[in-house]
Amino acid sequence: MIFGRSVVIGPTLPVDVPALYRWADDAETAALNETYRPPNWRAQEDFWSNAANDPSRVFFAIRATGAADIVGYIQIMKIDPIHRSASIGIRIGERADRGRGLGREALEMGIAYCWRQLNLSRISLSVFAHNDAAIALYTGMGFEREGVLRRALFIDGAWVDLVLMALCHPERGPHAPA
């Protein structure tokens, strides 16, 4: 586990699956990330418990310091050791836990993990163009907007633009030694 000031990130546990399933089954929140589809319990269980079998992904549960319950998660996916890149995503599951700085701190820890443990040079993400809070968080953390996929997804009866953002390691420029 990795300890921060207000949060701890570490493995997802079998006891976390009910919360992860509940968040996957929240159509309103899903509209910020994806098209809602009713989740399958077994598929959710397999997805969260089998990350160790796939070296291209790492999942972290986010917990408030001193608490046992999961408040969210970080997904690091598409880890490419040759190009030293990956994509990252974060979710704070319950509305009451959002806006308290837990996601920001957990994302800082996730980025540090990418730099220090995975030896990455680039982290990318995509975010819905209308998700102003997420875009402000990512921009504040140094992610730069790289482009927009116009009308990329059809969510809840409307076309959604997808903003592409990335963060490059500050000490690993294009001509820095590997």
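Pick from Arg95, Arg116: which is out of contact with any Phe, Trp or Tyr (no Cβ under 8 Å at 6 or more places or on another chain), among the charged types (D, E, K, R), loosely packed, with under 14 Cβ neighbours inside 10 Å and closer than 21 Å to Leu20 by Cβ?
Numbers: Arg116 fails: closer than 21 Å to Leu20 by Cβ.
Criteria check complete, one pass: Arg95.
Filter the range 130-152 down to residues that are of a type in the set (Gly, Ala, Ser), at pLDDT below 95 and surrounded by fewer than 16 Cβ atoms within 10 Å (Cβ to Cβ), then give me how many there are.
1
Take the residues in the range 1-14 that are at pLDDT 95 or above and over 14 Å from Ala51 (Cα atoms), then tell me which one is surrounded by the most Cβ atoms within 10 Å (Cβ to Cβ). Please lay out each step first, then the result.
So the first thing to find is which residues in the range 1-14 are at pLDDT 95 or above, and the list is 2-10.
After this cut, where a residue has to be over 14 Å from Ala51 (Cα atoms) as well, the list is 2-9.
Numbers: Ile2: 14, Phe3: 10, Gly4: 15, Arg5: 9, Ser6: 13, Val7: 25, Val8: 18, Ile9: 22.
Here the answer is Val7.
Starting from residues that are among the hydroxyl-bearing types (Ser, Thr, Tyr) and under 15 Å from the mean Cα position of the chain (by Cα), keep the ones in the range 27-59 and report whichever is surrounded by the fewest Cβ atoms within 10 Å (Cβ to Cβ).
Taking the range 27-59 as the starting set, the residues that turn out to be among the hydroxyl-bearing types (Ser, Thr, Tyr) are 29, 35-36, 49, 56.
Next cut, under 15 Å from the mean Cα position of the chain (by Cα) only: 29, 56.
Values: Thr29: 18, Ser56: 12.
Only one residue tops the list, namely Ser56.
Every residue in the range 97-150 that is touching a helix residue (DSSP H, G or I) at 6+ places or on another chain (Cβ under 7 Å) and among the charged types (D, E, K, R), please.
Arg104
The values are calculated or read from the model by the stated rules, or taken from the named source; none is laboratory data. Nothing here was measured: the structure is a model prediction, and the numbers come from that model. Using ideal geometry, Cβ is built from the backbone for each residue, glycine included, and neighbour counts are taken over all protein chains shown.
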